[in-house]
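These notes are about the structure you will find just below.
The values are calculated or read from the model by the stated rules, or taken from the named source; none is laboratory data. The shown structure was predicted, so the numbers you read here are calculated from the model rather than taken from an experiment. Note that we place each Cβ from the backbone using ideal geometry, even for glycine, and neighbour counts take in every protein chain shown.
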Amino acid sequence: MTRPTPLPPADFSVESSTPKARAALPAAQLAAVQAILSRHAGQPGSLLPVLHDVQDELGCIPPEAVSVIAQAMQLSRAEVHGVITFYPHYRSTPAGRHHIELCRAEACQSMGANALAAHAERRLSCHFKATSADGRYTLDPVYCLGLCAQSPAMMIDGQPYARLTPERFDAIVEQLDEVRA
Ligand code: FES
């Protein structure tokens, strides 16, 4: 019996990633990332603000930007990648037309957020951390929006909504479609 050939280990070293990886990022995006890095240069602990700014500017953190950020901040690609994947806020592909962030933390869970989450997946035809096939919705989990007293809660395109029920969720999404379709 032949054994499968093991895959080579992922190479997250800074050395592996420089001119070639940088070349993979379109010039306009590279310029935007470099401008952001310059703004934060010399500020200790600025990885999170850098990632926020890159995502705000480009709509996501393209995988090709990881090596550029890592090299500029003297971090390994694994460190930057680890932070991006740890925080649900960060994304490596652009969101759909409407970004729906549904709270999955405890207070919301105690008020029916799990059932609401299942309802949202059905209503949007889209799983969490994914975008619907028509590109209309991206559904993401968040872990507390500071609206615990009015849970369950969500945010759509930066706008908060509280005291949700499946019916209210449907009404909000319908309205969204009418206004911005
Ligand atoms: S737990 Fe959902 S808003 Fe705080």
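Screening the candidates Val173, Val66 for the property of being buried (at least 17 other Cβ atoms within 10 Å of the Cβ) and under 30 Å from Ser38 (Cα atoms) yields one hit, Val66.
Residue-level check: of (1) surrounded by fewer than 18 Cβ atoms within 10 Å (Cβ to Cβ); (2) touching a residue at least 40 places away in the same chain (Cβ under 8 Å); (3) within 16 Å of the ligand (Cβ to nearest atom), Leu116 misses just (1). Among the residues of the range 126-154, those that are within 16 Å of the ligand (Cβ to nearest atom) and under 14 Å from Gly96 (Cα atoms) comprise Phe128, Leu139, Asp140.
Matching residues to (1) in the same structural domain as Val173 (by TED's automatic domain parsing); (2) assigned to a helix (DSSP H, G or I):
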{"residue": "Asp53", "(1), (2)": "no, yes"}
{"residue": "Ser67", "(1), (2)": "no, yes"}
{"residue": "Arg91", "(1), (2)": "no, no"}
{"residue": "Met111", "(1), (2)": "yes, no"}
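The set of residues in the range 159-176 being touching a residue at least 40 places away in the same chain (Cβ under 8 Å) and either outside the structural domain of Ser110 (by TED's automatic domain parsing) or of a type outside the set (Val, Ile, Thr) (or both) consists of Leu164, Pro166, Phe169, Asp170, Leu176.
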